[in-house]
Amino acid sequence: MFSLITLPFAPDALQPVISADTIALHHGKHLQTYVNNLNAALPGSGFEELPLEEIVKKSSGGIFNNAGQILNHNLYFQALRAPQADNRPTGKIAAAIEAQFGSFEAFQKEFTQKGTTLFGSGWVWLSADADGKLVITQEPNAQNPVTRGLRPLLTFDVWEHAYYVDYQNRRADHLAALWQLINWEVINQRYE
């Protein structure tokens, strides 16, 4: 059985970028529902003993949707921290971004643009392929780059429940503000 992750920050720690009200709804209601739904669907499925990432790789339908949303949200929440002015990557991920995209600003622009233009609900991801090459993808609904053999590093949630309380329909404003919250140490650990 799966449990709701404990956030690595206090519910009000991401303000003013993300309000405590949004965290309560996003983590405490939406993510908890995905956990409850997956746990209810697992008995007799053949997936009961698998780790979450393997369930995402091997399942379909309701089990996939709920497992995917849990994995996506866990990776998202675990990489956030209190807002930092001029928050920039460091270490190996900074070097890889610079080498592949030319600059952090060019990477930010492409990543934010893909998040803004994803139709409907889903996720924008920075992942690494087997050779360490960085890939930005748009993943609809509960999709995760692991289903394509990629290693997820960074994600922004573009489902409305992630930003509507604080930003209404201004997805682009929300995505632009999220850069202040990225814990680049976590992203470096995922990249190593």
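The values are calculated or read from the model by the stated rules, or taken from the named source; none is laboratory data. The shown structure was predicted, so the numbers you read here are calculated from the model rather than taken from an experiment. Every residue, glycine as well, gets a Cβ built from its backbone with ideal geometry; the counts of neighbours run over all protein chains shown. Areas reflect the complete protein model, heavy atoms only, side chains present, ligands, DNA and RNA absent. Shrake-Rupley method; radii C 1.70, N 1.55, O 1.52, S 1.80 Å.
Going 7 Å from the Cα of residue 87 along its beta-carbon direction, which residues of the range 19-33 have the amide nitrogen within less than 16 Å of the resulting point?
Label zone hits: 19-20, 22-23.
Using per-residue counts of other Cβ atoms within 10 Å, averaged over each peptide, order 172-178, 87-93, 130-136, 156-162 from highest down.
156-162, 172-178, 87-93, 130-136
If DNA, RNA and ligands are ignored and the probe is 1.4 Å, what is the ranking of 49, 105 by accessible area, most exposed first?
Descending order: 49, 105.
Over the range 1-140, what percent of the accessible surface lies on carbon and sulfur atoms, probe 1.4 Å?
Ligands and nucleic acids excluded, carbon and sulfur reach 53 percent.
Please work out how much accessible surface residue 165 shows to a 1.4 Å probe, ignoring ligands, DNA and RNA, in Å² rounded to 10.
70 Å²
Hey, which lysines would be in cross-link range of residue 58, C-alpha to C-alpha under 29 Å, not counting anything within fewer than 8 residues on its own chain?
Answer for residue 58, where 29 Å is the Cα cut-off: 29, 114, 133, listed by chain and number.
Any idea what the alpha-carbon Rg over 2.2 N^0.38 Å comes to for the chain?
In units of the globular-protein estimate, the chain measures up at 1.00.
Any chance you could check the Cα centroid distance between the range 74-153 and the range 1-45 for me, in angstrom?
The range 74-153 and the range 1-45 have Cα centres separated by 21 Å.
Accessible area per residue, 1.4 Å probe, Å², for the range 52-156: what's the number?
42 Å²
Only four residue types carry charge here, +1 at the Cβ of Lys and Arg and -1 at the Cβ of Asp and Glu. Report the dipole size of the chain about the Cα centre in Debye, rounded to the nearest 20.
Here the size comes out at about 220 debye.
Given Cα pairs under 8 Å that are at least 6 residues apart, what percent is the relative contact order of the chain?
26 percent
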